[in-house]
Amino acid sequence: MNGKAHVSPSAIYPGSFDPLTLGHLDVIERAAAVFPRVLVAVVVNPQKREPLFTLEERKQMILSATKHIGNVDVADFRGLLADFAKSAGAGVIVKGLRVVSDFENEMSTALMNRSLSGIDTVFVPSDPKYSFVSSSLVKEVFFLGGEIDAYVPEAVLHVMRAKRANLRPTEPSEEKS
């Protein structure tokens, strides 16, 4: 060692978070225990289908769910993650991995981000109890009437229930004999 104190760089944790799940929160908490600052970056991705929650709703849900963590900030971005991470002063990108296919998908992105920005990606394996939980699956279960209390933070559950109450029920389709 060279005698200089090593200070961990700030981390950026990107995602659409539509909605934030307990799996996401677990990654945020674990990253916040390692890095002095974690920026949860909500991506505005025009290639994904229309999100259920607005950008502001997603940011507010994350802020509410992470208020117990002192070193977490929330921001949104458009464009290349590599550019945003550099401009935000991030030293690393944090990505959660639930299953092996996540690694296969994220590895090439991590290498591209490093090539573009020089910023490495740190992979955080999912807690096994959240390895099957995804935002899209949570939304599907919720809107089909299933219970999702074990998969999302309380702040998110509250907003989801309000969203469901405000959605007009669709007309049942008529079956042909």
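Derivation of every value follows stated rules applied to the coordinates shown; laboratory data play no part. Every value quoted in this text rests on a predicted model; they were computed, and no experiment measured them. Ideal geometry is used to build each Cβ from the backbone, glycine not excepted, and the neighbour counts take in all protein chains shown.
General observations
- Identified option (computed Cα extents along the principal axes in Å; candidates [x] 78, 32, 30; [y] 65, 41, 29; [z] 39, 37, 32): [x]
- Around Ile119: net Lys/Arg minus Asp/Glu count, Cβ-Cβ under 15 Å: +1
- Relative contact order, percent, the chain [alpha-carbon distance under 8 Å, six or more residues apart]: 27 percent
- Inter-label distance, nm, simple model (7 Å from Cα along the C-beta direction), Arg161/Thr109: 3.2 nm
- Proximal aspartates and glutamates to Lys67, defined as alpha-carbon separation beneath 20 angstrom and excluding residues fewer than eight positions away on the same chain: Asp18, Asp26, Glu29, Glu56, Glu57, Asp76, Asp149, Glu154
- Span-rule helices in the chain, defined as complete DSSP H runs reaching 20 Å or more along the axis (Cα) with Kyte mean at least -1.0: 100-117
- Structural descriptor for the stretch 22-84: relative contact order 44 percent, calculated from alpha carbon pairs under 8 angstrom and at least 6 residues apart.
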